[in-house]
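Worksheet: one structure, shown below.
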Amino acid sequence: MFEIRRSNERGHANHGWLDSYHSFSFADYHDPQHVHFGALRVINEDRVAGGQGFGTHGHRDMEIVSYVLEGALAHRDSMGNGSTIRPGDVQRMSAGTGVRHSEFNGSPTETAHFLQIWIIPDAPGGAPGYEEKRFPDDEKRGRLRVIASPEGVEGSVKIGADARIFAGLFDGGERAEFDVPAGRRVYVHVARGTVSVNGEALAAGDAAKIEDIAKVTIDGGEQAEVLLFDLA
């Protein structure tokens, strides 16, 4: 299976201070054909106006990864963590038995543009946790750099789910291949720019669901930033 989902097919909600696109069913957007893909439950592409954000709210039993594309995202949580992440930073919050947090634009004037990713954990009821790591552009240039994994391999953030997230930057002749492990599925999300995935042209906001295909090839990029999810 190689199924493309175009950007304009996603759910969309514009609240003024928040402009959000939903790759999977979320809040008031419900699409029975797009509830999750394996353990991948949410990819929200959010743009938050300067000085605005999400007030304190709760989560449980979810692995939440934030990936900033532009601007700054300030985080505070009930575990005592507080920081501001920027492009290149990856933040992981394991909600476990329950955690409360807030997320605000770290700038009073500039828009914060980021992806909020939710992954269903292997087991409910774990201890809440928090981690953030920085992955410079040169580590993602022309390759797929692992940024999240169950084992925390290669300095990636550690998530409590059988899933791995890779990030890559592709322009011009840069090319990467991903050998899909047997029995796994892959989800590719184009965060920005344009790129070819197994010969199919994808643009910002587009995604590809891939099953029963042994290799994923990414090339032909024009200022492209891509996330690849390796899923059970």
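ARG100: in a strand (DSSP E or B), modelled with pLDDT of 95 or more, under 20 Å from LEU228 (Cβ atoms) and basic (Lys, Arg), yes or no? Working first, answer last.
On the way: in a strand (DSSP E or B): yes; modelled with pLDDT of 95 or more: yes; under 20 Å from LEU228 (Cβ atoms): no; basic (Lys, Arg): yes.
No, not satisfied.
In region 17-39, the qualifying residues are those that are of a type in the set (A, V, I, L, M) and either out of contact with any Asp or Glu (no Cβ under 7 Å at 6 or more places or on another chain) or assigned to a loop (DSSP other than H, G, I, E, B) (or both), and the one that is modelled with the lowest pLDDT is ALA27. In region 1-18, the qualifying residues are those that are among the basic types (Lys, Arg) and crowded, with 16+ Cβ neighbours inside 10 Å, and the one that is farthest from THR111 (Cα to Cα) is ARG5. Using the structure shown, decide if ARG47 is in a strand (DSSP E or B), without any contact (Cβ under 8 Å) to a residue 40 or more places away in the chain, over 30 Å from GLY199 (Cβ atoms) and basic (Lys, Arg). Considered against the rule, which asks whether it is in a strand (DSSP E or B), without any contact (Cβ under 8 Å) to a residue 40 or more places away in the chain, over 30 Å from GLY199 (Cβ atoms) and basic (Lys, Arg), ARG47 comes out as no.
Counting the residues of region 14-69 that are more than 17 Å from the chain's Cα centre (by Cα) and of a type in the set (Phe, Trp, Tyr) gives 3. Within region 72-89, residues that are in contact (Cβ under 8 Å) with a residue 12 or more places away in the chain reach partners that are hydroxyl-bearing (Ser, Thr, Tyr) and in a loop (DSSP other than H, G, I, E, B) with beta carbons closer than 7 Å, at six or more positions or on different chains, in the pairs ALA72/SER107.
Among the residues of region 164-174, count how many are more than 14 Å from the chain's Cα centre (by Cα) and among the hydrophobic types (A, V, I, L, M, F, W, C).
Qualifying residue count for the region: 2.
When the residues of region 141-163 are narrowed to those that are within 15 Å of the chain's Cα centre (by Cα) and charged (D, E, K, R), which ends up farthest from ALA191 (Cα to Cα)?
Initial filter on region 141-163 (within 15 Å of the chain's Cα centre (by Cα)): 144-149, 156-159, 161, 163.
Next cut, charged (D, E, K, R) only: 145, 158.
Values: ARG145: 15, LYS158: 22 Å.
Filtering first and then ranking leaves LYS158.
Any residue in region 26-34 that is touching a Phe, Trp or Tyr at 6+ places or on another chain (Cβ under 7 Å), crowded, with 17+ Cβ neighbours inside 10 Å and hydrophobic (A, V, I, L, M, F, W, C)? Can you show your working first?
First pass over region 26-34, keeping only residues touching a Phe, Trp or Tyr at 6+ places or on another chain (Cβ under 7 Å): 34.
Next, only the ones that are crowded, with 17+ Cβ neighbours inside 10 Å stay: 34.
From the residues that got through so far, the ones that are hydrophobic (A, V, I, L, M, F, W, C) too are none.
No, region 26-34 contains no residue that is touching a Phe, Trp or Tyr at 6+ places or on another chain (Cβ under 7 Å), crowded, with 17+ Cβ neighbours inside 10 Å and hydrophobic (A, V, I, L, M, F, W, C).
The values are calculated or read from the model by the stated rules, or taken from the named source; none is laboratory data. Computed from a prediction, not measured in an experiment: that's the story for all the values here. Positions of Cβ are generated from backbone atoms using ideal geometry, with glycine treated the same way; all protein chains shown enter the neighbour counts.
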